[in-house]
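Notes to accompany the following structure.
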Amino acid sequence: MLIINKTKISIMKGDITKVKADAIVNAANNRLLGGGGVDGAIHRAGGKEILEECKKIGGCPTGEARITTAGNLPSKKVIHTVGPIYKDGNHGEEKLLYNAYYNSLALAKDNKLTTIAFPSISTGVYGYPKEKAADIAIKAVKDFANKYENMEEIIFVLFSDEDFDIYQEKLRG
Ligand code: ADP
């Protein structure tokens, strides 16, 4: 665990749908209509209320974030953000991934949510190289924590041993 300007930054291995934070972040797609991976898991565990609110919102541009109920999940809210599909790194992927993390944190702050859990956005079906994605994720949360002291805890919830090991290494060094 790391503390930056009053914000705890921690990691855990597991399923984000089980995490009791003020907000959990969904790695959604532009249409916000659910999908595979963590998105599918959140909608399955949270129930149809989440999808109903997503439909009303109507979509989300890449790098931005939107908030809904958490339905049956133990968290209070779900923040849906859309990470980039990784092509070759020359299509603005880095900035878009950074924005996805940063804008999710800003939306949590605007809603007075002070504990937030993130999955490893874009590193599944969207193909972002895991190490690079972890560097960007960590930079975004550190930048946010340095700028605002309202966030109590930011948790990276890693689904695989590989992802967990990458974050552990990077947060140590
Ligand atoms: P993307 O389309 O943004 O790449 P994916 O859902 O395919 O999103 O993958 C993002 C990350 O979420 C991957 O590292 C995947 O292993 C992880 N993941 C999948 N299911 C869960 C879950 N229930 N909790 C946390 N992370 C998950």
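The values are calculated or read from the model by the stated rules, or taken from the named source; none is laboratory data. Here the structure is a predicted model, which is why all the values come from computation and not from measurement. For neighbour counting, all protein chains shown are included, and Cβ atoms are generated from backbone atoms with ideal geometry for every residue, glycine included. With ligands, DNA and RNA removed, areas are computed over all heavy atoms of the protein, side chains included. Shrake-Rupley method; radii C 1.70, N 1.55, O 1.52, S 1.80 Å.
Structure data summary
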read-out	value
Under the Karplus curve 6.51 cos²θ - 1.76 cosθ + 1.60, θ = phi - 60°, whole-Hz ³J(HN,Hα) for segment 157-168, x wherever Gly or Pro sits	9, 9, 7, 10, 4, 4, 4, 4, 4, 4, 5, 4
All lysines inside 27 Å of residue 87 as judged from Cα atoms, apart from same-chain residues fewer than 8 positions distant	95, 130, 132, 139, 142, 170
Cut-off under 5 Å, modelled amide H: who pairs with residue 158 long-range	12, 13, 14
Surface share of carbon and sulfur [accessible, 1.4 angstrom probe, percent] for segment 1-97	50
Length released on extending from residue 4 to residue 90, taking residue separation times 0.36 nm less the Cα-Cα span	27.9 nm
Convex hull volume per residue in cubic angstrom - Cα atoms of segment 2-172	94
Amide H contacts under 5 Å for residue 70, placed H, 5+ residues apart	78
Cα-based reach from residue 56 at 24 Å (exclusive), listing lysines while leaving out same-chain residues under 8 positions away	48, 76, 77, 109, 112
Modelled FRET efficiency - R0 22 Å, residue 76 with residue 31, Cβ distances, 0.05 increments	0.35
For segment 32-71: rounded, prolate or oblate by the Cα gyration tensor [a/c cutoff 1.5]	oblate
